[in-house]
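Note sheet for the following structure.
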Amino acid sequence: MPVMTYRDALNAALREEMARDPDVFLMGEEVGVYQGAYKVSRGLLEEFGPNRIVDTPITELGFAGVGVGAAMVGLRPIIEFMTWNFALLAIDQIINTAAKIRYMSGGQVGCPIVFRGPAGAALQLGAQHSQCFEAMYAHIPGLKVIMPATPADAKGLLKSAIRDDNPVVFMEGEMLYNTKGEVPEGEHIVPIGKAEVKRAGEHVSLICYSKTVASCLKAAEQLEAEGVSAEVLDLRTIRPLDLEALFTSVSKTHRAVIAEEGWYFAGAGAQVVDELQQGIFDELDAPILRVTGADVPMPYNKYLEKAAKTSPERIVAAARKVLYLE
Amino acid sequence: MATKVLMEALSPTMEEGRLVEWKKQEGDAVAAGEVLAEVETDKAVMDLTARAAGVLLKHAIAAGTTVPVGQVVGVIGSKGEDIAALLGGGAPKPSVPVAAAPAAALPVKPAAPAAAPVAGPPAVSAAAVAPAAAPVDGRVKASPLARKIAAEKGLDLARLQGSGPEGRIVVRDLEGAGAVAAIPAAGAVSAAPGSLTGFTDTPLSQLRKTIAKRLTQSIGPIPTFYLTAEVDMERVAEAREALNARAEAEKKPKVSFNDIVIKATALALMQHPACNAWWQEDRIRYWHDVHVSMAVAIEDGLITPVIRHADRKSLREIGAESKELAGRARERRLAPEEYTGGTFSVSNLGMFEIDQFTAVINPPEAGILAIGSIVAKPVAEGDKVVIRRRMRVTMSCDHRVIDGATGAAFLKTLKQMLENPLALVW
């Protein structure tokens with residue numbers, strides 16, 4: 001199986017889906033001539049031409065709206081936000097139009113659109129450019145929210161997102177673009193709404209998505225050295241949540257820690273906790289703990305930023321706590 | 001990881017046990033459920049079984065030693081394992097302050113890849129069992145999973161010491177708790193036996209409440225009165241001789257007078273269900289079936305094995321069963337369910353040539369029959385004096401349940417049955 005970067009896996013998904021379906025097109029800032037701020041659309045302008053790889057002005061609300069309109073009349077737009085921080089300007093189109101139009105037209109008009117781009121903090125980009133908004137979008141009925149952690153999942157889930165007949169929020173990780181992994185060639189589809197056990201274990205479930213998957217895998221290694229067998233469950237999709245996978249894992253381990261990058265209050269992990277306590281209350285041997293980003297605007301200072309982020313060390317500490325080891 | 005073998009509560013009321021004999025020696029391999037030792041409880045000699053598989057590494061106490069329930073009597077583990085730490089304490093510690101315990105002190109074992117999956121993390125301490133630790137605020141803190149498993153296994157969480165924050169009982173605290181925390185079966189039996197069904201609870205009427213209160217004030221916790229009848233046993237004796245002659249020819253067990261009295265009592269109770277009842281403080285429980293408790297004298301005391309459904313059993317069945325139960329009772333080998341759950345008692349001192357006596361009620365049962373010896377004596381039959389074999393029967397009645405006329409009616413039926421023993425097979 002070929003090994004490729006997360007970036008190239010996304011590129012392969014775009015290329016394959018655009019070749020498969022002439023209704024698919026990509027639009028956003030710097031996606032064409034510059035080949036994407038993170039080079040996800042490398043080579044696509046050359047291959048598919050300016051009608052399908054569309055550079056836009058710095059007008060998030062405008063090009064998001066153009067995308068929604070195109071989707072309403074039958075095309076399958078992919079709207080790239082340079083980062084999800086900038087999509088704050090376009091949120092009215094995403095929430096008030098894309099997410100609502102099928103409902104408000106009584107099912108007559110659909111909106112098969114993908115909004116994608118990097119989410120979360122990278123390194124020292126400051127408070128305004130280091131944010132996680134998955135909980136905000138997952139809050140909205142009518143939106144699906146996907147956050148792949150590996151190159152293979154990035155490819156398989158982006159293909160599923162493009163083929164989905166409803167609006168999909170697809171959040172990538174800036175720090176993940178250069179990570180490498182095996183990616184199946186050609187038709188590799190990962191279904192939306194399916195979590196995956198990235199590492200099997202017996203004693204505690206580490207529930208994660210996107211960048212925290214790597215943190216949890218590291219934490220699991222540290223825990224193994226202490227004789228604790230941790231299971232790493234990658235949600236992959238925030239909405240819809242894979243309740244079956246969650247219940248199966250935690251019914252086995254009876255203890256859970258949820259690791260997320262975003263803020264504590266009403267984060268996506270809070271929803272997971274609620275589903276677990278409602279669904280399998282009697283299986284729990286300890287309160288479910290969440291490891292989140294610090295409840296502050298992301299500091300610019302390197303050391304403060306590091307301290308504010310979710311880390312393997314904090315995940316290990318939470319796991320020890322739910323195991324009553326400290 | 002090594003597992004402590006604890007002195008378990010093998011009878012409902014057991015507080016300490018004497019280890020009679022080790023059935024497994026140090027170094028023997030044991031499977032979970034195998035008998036490790038014989039333990040004499042306050043009522044019987046019972047088997048102490050292994051709760052874990054492995055090698056019996058240590059006899060912590062010698063045969064013949066009496067120790068309280070919950071004390072370590074041995075250790076099961078893997079060969080060569082260091083168990084010094086486990087044996088340090090002896091009796092279980094009253095509490096395990098985990099928050100204060102340095103994590104490094106916990107016996108953390110690296111996960112063995114080949115090891116079978118374990119239910120909990122390997123890094124757990126042995127079950128800490130307290131002799132019924134009463135939570136300060138009256139509420140037992142336990143994780144949902146611990147509550148679920150305790151309910152499934154019939155463990156009383158109030159008898160366990162939690163190792164989690166603020167004493168929370170978590171699943172590791174249940175491991176090895178076994179019978180130590182088992183909800184006492186006898187408590188259940190005297191209140192509402194799980195194994196016994198078929199009764200009608202009747203709430204107390206005001207009249208019944210007043211009778212109960214006034215009579216208790218007058219005479220004691222169980223206001224007892226006594227009814228005595230003299231039964232002509234001539235025909236029973238003839239029938240028994242005929243039956244036993246036959247039994248002897250067939251080499252079958254013989255039938256005793258006591259067996260016949262038990263059978264007649266059971267049949268009479270079916271006709272007088274008001275006497276087949278338990279006093280339950282706020283109500284009277286009328287049993288639909290008859291289970292006769294039979295007082296058996298044993299060394300240093302007595303015990304009452306129960307003949308269940310005595311009304312439905314043949315004399316021969318009752319004879320065989322009573323003989324077998326009495327034999328095991330004397331050897332102290334009765335299981336708790338074999339001496340609890342009776343609905344009415346029979347006590348017989350006839351073999352000691354006692355003419356008549358009053359027996360003490362075995363609560364919550366409401367009545368007991370005291371059977372005297374069968375004596376040949378002159379009685380008037382019409383205007384003639386004849387010699388007849390006679391037996392005096394005295395019934396003790398709990399007046400809160402049974403009134404004089406009710407008990408008398410039962411006793412009359414019993415007398416008629418014994419004087420006309422064909423009624424036993426009718």
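The values are calculated or read from the model by the stated rules, or taken from the named source; none is laboratory data. Because the structure is predicted, anything quoted here is derived from the model rather than measured. Glycine also receives a Cβ, built like all others from the backbone with ideal geometry; neighbour counts cover every protein chain displayed.
The single condition among (1) closer than 21 Å to B:PRO421 by Cα; (2) in contact with a Gly (Cβ under 7 Å, 6 or more places away or on another chain) that B:ASP289 does not meet is (1). Taking first residues from the stretch A:12-29 that are touching a residue at least 40 places away in the same chain (Cβ under 8 Å) and partners that are polar (S, T, N, Q), the Cβ contacts under 8 Å between residues at least 6 apart in sequence or on separate chains come to A:LEU14/A:SER41; A:PHE25/A:ASN51; A:LEU26/A:SER41; A:MET27/A:THR56; A:GLY28/A:THR56; A:GLU29/A:THR56.
Entry remark, the stretch B:144-177: residues being at pLDDT below 80 and touching a Leu at 6+ places or on another chain (Cβ under 7 Å) number 1 in total.
Considering A:GLU305, A:GLU283, A:GLU275, A:GLU260, which residue is among the acidic types (Asp, Glu) and under 24 Å from A:ALA154 (Cα atoms)? Write out each step before concluding.
Values: A:GLU305 fails: under 24 Å from A:ALA154 (Cα atoms); A:GLU283 fails: under 24 Å from A:ALA154 (Cα atoms); A:GLU275 fails: under 24 Å from A:ALA154 (Cα atoms).
Going through A:GLU305, A:GLU283, A:GLU275, A:GLU260 in turn, the sole match is A:GLU260.
Return the total of residues in the stretch B:203-226 being surrounded by 12 or more Cβ atoms within 10 Å (Cβ to Cβ) and not in a helix (DSSP H, G or I). Spell out the reasoning first.
The first filter runs over the stretch B:203-226 and keeps only residues surrounded by 12 or more Cβ atoms within 10 Å (Cβ to Cβ), leaving B:204, B:208-209, B:211-216, B:219, B:222-226.
Imposing the further condition that a residue be not in a helix (DSSP H, G or I) reduces the set to B:204, B:222-226.
Looking only at that region, the number is 6.
Of all residues in the stretch B:204-227, those that are modelled with pLDDT of 75 or more have Cβ atoms under 8 Å from Cβ atoms of residues that are among the polar types (S, T, N, Q) and part of a helix (DSSP H, G or I), 6 or more apart or on another chain, in B:ILE222/B:THR216; B:PRO223/B:THR216.
Of the residues making up the stretch A:250-283, those that are crowded, with 23+ Cβ neighbours inside 10 Å and either within 14 Å of another protein chain (Cβ to nearest Cβ) or assigned to a helix (DSSP H, G or I) (or both) are A:VAL250, A:THR253, A:HIS254, A:ARG255, A:ALA256, A:VAL257, A:ALA268, A:GLY269, A:VAL272, A:LEU276.
Results for (1) surrounded by fewer than 19 Cβ atoms within 10 Å (Cβ to Cβ); (2) over 24 Å from the mean Cα position of the chain (by Cα); (3) at pLDDT below 95; (4) closer than 19 Å to A:ASN178 by Cβ, shown as yes or no for each residue.
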{"residue": "A:GLU47", "(1), (2), (3), (4)": "yes, yes, no, no"}
{"residue": "A:ASN51", "(1), (2), (3), (4)": "yes, yes, no, no"}
{"residue": "A:GLY65", "(1), (2), (3), (4)": "yes, no, no, no"}
{"residue": "A:VAL68", "(1), (2), (3), (4)": "no, no, no, no"}
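Which of the residues spanning the stretch A:34-67 are aliphatic (A, V, I, L, M), within 19 Å of A:VAL169 (Cα to Cα) and free of Cβ contacts under 8 Å to residues at least 60 places away in the same chain? The answer is A:ALA37, A:LEU61, A:ALA64, A:VAL66. Hey, can you tell me all the residues within the stretch B:156-176 that are in contact with a helix residue (DSSP H, G or I) (Cβ under 8 Å, 6 or more places away or on another chain) and more than 13 Å from chain A (Cβ to nearest Cβ)? Across the stretch B:156-176, the qualifying residues are B:ASP156, B:LEU157, B:ARG159, B:LEU160, B:GLN161. Checking the structure you have, find out if any residue of the stretch A:60-71 is of a type in the set (A, V, I, L, M), closer than 19 Å to A:MET18 by Cα and not in a helix (DSSP H, G or I). Checking the stretch A:60-71: not a single residue is of a type in the set (A, V, I, L, M), closer than 19 Å to A:MET18 by Cα and not in a helix (DSSP H, G or I).
Out of the residues in the stretch B:306-336 that are small (Gly, Ala, Ser) and outside any helix (DSSP H, G or I), which is farthest from B:LYS254 (Cα to Cα)? Break it down into steps so the answer makes sense when it comes.
Kept after step one, since they are small (Gly, Ala, Ser), are these residues of the stretch B:306-336: B:310, B:314, B:319-320, B:322, B:326-327, B:329, B:335.
Next cut, outside any helix (DSSP H, G or I) only: B:314, B:335.
Values: B:SER314: 12, B:ALA335: 25 Å.
If we take residues in the stretch B:306-336 being small (Gly, Ala, Ser) and outside any helix (DSSP H, G or I), then B:ALA335 is farthest from B:LYS254 (Cα to Cα).
Can you say whether B:ALA370 is assigned to a strand (DSSP E or B) and in contact (Cβ under 8 Å) with a residue 12 or more places away in the chain, as far as the supplied structure shows? Considered against the rule, which asks whether it is assigned to a strand (DSSP E or B) and in contact (Cβ under 8 Å) with a residue 12 or more places away in the chain, B:ALA370 comes out as yes.
Within the stretch A:203-210, is even one residue touching a residue at least 24 places away in the same chain (Cβ under 8 Å), outside any strand (DSSP E or B) and within 14 Å of chain B (Cβ to nearest Cβ)?
Keep residues of the stretch A:203-210 that are touching a residue at least 24 places away in the same chain (Cβ under 8 Å), which gives A:203-210.
Those left that are additionally outside any strand (DSSP E or B): A:203, A:209-210.
Retained after the next criterion (residues that are within 14 Å of chain B (Cβ to nearest Cβ)): A:203.
Yes, because at least one residue in the stretch A:203-210 is touching a residue at least 24 places away in the same chain (Cβ under 8 Å), outside any strand (DSSP E or B) and within 14 Å of chain B (Cβ to nearest Cβ).
Inspection of the stretch A:308-325 identifies no residue that is away from chain B (no Cβ under 14 Å), within 25 Å of the chain's Cα centre (by Cα), within 26 Å of B:SER163 (Cα to Cα) and in a strand (DSSP E or B). Does B:LEU36 satisfy the criteria of being out of contact with any Leu (no Cβ under 6 Å at 6 or more places or on another chain) and of a type outside the set (Lys, Arg)? Criteria not met by B:LEU36.
Considering the conditions (1) farther than 26 Å from A:ASP274 by Cα; (2) out of contact with any helix residue (DSSP H, G or I) (no Cβ under 8 Å at 6 or more places or on another chain); (3) modelled with pLDDT of 95 or more, A:GLU174 is excluded by exactly one of them, (3). For the stretch A:220-234, which residues satisfy the criterion of being more than 8 Å from chain B (Cβ to nearest Cβ), within 14 Å of A:ALA317 (Cα to Cα) and of a type in the set (A, V, I, L, M, F, W, C)? Across the stretch A:220-234, the qualifying residues are A:ALA220, A:LEU223, A:ALA230.
When you scan the stretch A:30-53, how many residues do you find that are outside any helix (DSSP H, G or I) and out of contact with any helix residue (DSSP H, G or I) (no Cβ under 8 Å at 6 or more places or on another chain)?
Residues in the stretch A:30-53 being outside any helix (DSSP H, G or I) and out of contact with any helix residue (DSSP H, G or I) (no Cβ under 8 Å at 6 or more places or on another chain): 7 in total.
For the stretch B:348-367, what are the residues that are part of a strand (DSSP E or B) and either in contact with an Asp or Glu (Cβ under 9 Å, 6 or more places away or on another chain) or modelled with pLDDT of 95 or more (or both)? Matches in the stretch B:348-367: B:GLU365, B:GLY367. In the set (1) modelled with pLDDT of 80 or more; (2) more than 19 Å from B:GLU16 (Cα to Cα); (3) in contact with a strand residue (DSSP E or B) (Cβ under 7 Å, 6 or more places away or on another chain); (4) more than 10 Å from chain A (Cβ to nearest Cβ), B:LEU86 fails one condition alone, (1).
How about the stretch A:86-120: which of its residues are in a loop (DSSP other than H, G, I, E, B) and either free of Cβ contacts under 8 Å to residues at least 40 places away in the same chain or surrounded by 21 or more Cβ atoms within 10 Å (Cβ to Cβ) (or both)? Can you show your working first?
To start, the set of residues in the stretch A:86-120 that are in a loop (DSSP other than H, G, I, E, B) comprises A:99-100, A:105-113, A:120.
Listed by number, the residues that qualify are A:ALA99, A:SER105, A:GLY106, A:GLY107, A:GLN108, A:VAL109, A:CYS111, A:PRO112, A:ILE113, A:GLY120.
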